[in-house]
Amino acid sequence: MNTYVTGTTIKQLREARNLTQGSLAEKIGVSSKTISKWETAKGLPDISLLQPLAHALGISIIELMNGEHIINKNISANILRSKFYVCPICGNAIHCLGNTLVSCCGITLPALEAEETDDDHAVTIENVEDEHFITIHHPMTKQHYISFVAFVTSDRLQMVKLYPEGNAQTRLQLRGMGYLYYYCNQHGLFKKKV
Ligand SMILES: [Fe+2]
């Protein structure tokens, strides 16, 4: 995290909640003059005030620091709008049901945009008993490999981690309509409707 809360953020959030400088000040036990100073960049709230300030503004500390209020409108948890995040430094892979701020190894990760399968990342799916055998036609060297495969439907997520020098293959139960996602460490996220 390399940002700190700004006066502009405090002002915008306060006004969006129809709070006066006085009423916000009262909630966190400072004077309205102090709030005015923060909002006009003549001072910054002490770190010990971030928690009460975030609470009074109805957001998390992370949102307050980033100046971004994340509204997850996805209340029905439509998993088909799933987002994947991959850390370019450690390779950590994270799945979320909606918008969020994800940070790993000290950097904020963008939600990956999945591309449709291409010729260099082709996939075949074969039925094997009650499962499906997924093969991605792709190198699995230490420099260039598929790091995970996931199948997402409206009510479940299956995710399999793959490793370099292994096979770009796995078994999954593909029940119902969904999307097969897989991630190449060099070319990014791919998806295929199943
Ligand atoms: Fe690739």
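The values are calculated or read from the model by the stated rules, or taken from the named source; none is laboratory data. Keep in mind it's a predicted model, so treat the numbers as computed, not measured. Here the Cβ is made from the backbone with ideal geometry for all residues, glycine too, and neighbour counts use every protein chain on show.
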(request) Give the residues of region 126-170 that are basic (K, R) and not in a loop (DSSP other than H, G, I, E, B), sorted by residue number. (result) K161
(request) Output the residues belonging to region 181-194 that are within 16 Å of the ligand (Cβ to nearest atom) and either hydrophobic (A, V, I, L, M, F, W, C) or in a loop (DSSP other than H, G, I, E, B) (or both). (result) C184, N185, Q186, H187, L189, F190
(request) Give me a count of the residues in region 6-27 that are surrounded by fewer than 16 Cβ atoms within 10 Å (Cβ to Cβ) and assigned to a helix (DSSP H, G or I). (result) 8
(request) Among residues belonging to region 140-162 that are within 16 Å of the ligand (Cβ to nearest atom) and farther than 16 Å from I94 by Cα, point out the one that is surrounded by the most Cβ atoms within 10 Å (Cβ to Cβ). (result) Y145
(message) Can you tell me which residue is surrounded by the most Cβ atoms within 10 Å (Cβ to Cβ) among those in region 126-139 that are more than 10 Å from the ligand (Cβ to nearest atom) and under 29 Å from the mean Cα position of the chain (by Cα)?
(response) I134
(message) Which count do you get for residues in region 63-91 that are modelled with pLDDT of 80 or more and surrounded by 14 or more Cβ atoms within 10 Å (Cβ to Cβ)?
(response) 10
